[in-house]
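Throughout, read-outs are computed from the coordinates displayed, never taken from laboratory work. As the structure is a computational prediction, the values presented were derived from the model and not from experiment. Quick reminder, even Gly has a Cβ in these numbers, built from the backbone with ideal geometry, and neighbours come from all protein chains shown.
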Amino acid sequence: MIRFAPSLALAATLALGMAPAGSALAQETAPAPGGMPPGAGLPLGEEVPSEGMGDTYVAEEFGDWTKLCQRMEDGSDPCGLTQLMTDPEGNPVAEITIFPLPPGGEAVAGANMITPLGTLLPQQISISVDGGTVRRYPFLFCDISGCYAQIGLTAAMVESFRRGNAATVTIVSVAAPDQPVDLSLSLSGFTAGYSALPQPGN
């Protein structure tokens with residue numbers, strides 16, 4: 001634990017025109033310059049939101065999907081469906097979170113995806129459902145936690161998730177650019193989970 005040295009603490013106390021409790025100096029504190037009372041201008045603190053505001057929590061489980069929500073002060077907790085994706089050996093490699101979007105756009109849902117550092121970004125991310133049409137999406141940025149993509153899902157894509165059994169998400173590693181990595185995305189529970197998400201605009 002970091003502690004102030006006593007001399008520094010005392011110097012700071014005196015500089016503020018205050019004194020340690022029980023000290024005789026407390027009786028001798030003069031008003032601040034300009035006739036302002038002692039302590040004028042000191043921060044009085046601000047109300048802290050209730051504990052847990054902004055935290056995420058697991059609301060429900062739907063097959064292989066988890067309904068994850070963020071606690072908001074007004075109770076309008078936004079939620080998404082999330083799943084860890086595994087490689088052919090069963091190792092968790094990446095994560096996807098899907099959430100509905102307000103009506104009116106071509107994309108009816110959005111998805112945030114995170115993959116490991118060392119992902120070859122120009123190769124982008126590819127998704128196919130049950131071996132069907134492959135759709136490719138770009139990455140957005142990387143930080144110390146991994147590389148991120150934010151993608152839009154059309155009504156047809158969401159419907160394929162509802163009807164499908166499994167999706168394949170393909171990424172490419174910088175270390176082995178000639179060996180794409182196929183990640184398994186189970187669609188078990190997606191239909192019920194997506195239906196249980198709060199729909200924006202409703």
So Cys142 and Thr154, fully extended at 0.36 nm per residue minus their Cα-Cα distance, gain in nm 1.8 nm
Karplus-derived 3J(HN,Hα) from phi for region 91-101 (6.51 cos²θ - 1.76 cosθ + 1.60, θ = phi - 60°), whole Hz, x at Gly and Pro, runs 7, x, 10, 9, 9, 10, 10, 10, 8, x, 10
Whole-number value, in Å³ per residue, for the convex hull of the alpha carbons of region 49-165 is 152 Å³
Protection proxy (average C-beta count within 10 Å per residue), highest first, orders 84-93, 179-188, 126-135, 108-117 as 108-117, 179-188, 126-135, 84-93
Sequence order, region 167-184: Karplus ³J(HN,Hα) from phi using 6.51 cos²θ - 1.76 cosθ + 1.60, θ = phi - 60°, Hz rounded, Gly and Pro as x, gives 10, 10, 10, 10, 10, 10, 8, 4, 5, 9, x, 9, 10, x, 9, 8, 9, 8
Rounded to the nearest Å, the spacing of the alpha-carbon centers of region 183-202 and region 54-103 is 9 Å
Residues meeting the amide H criterion for Ser188 (H placed from the backbone, H to H distance under 5 Å, 5 or more places apart or on another chain) are Asp64
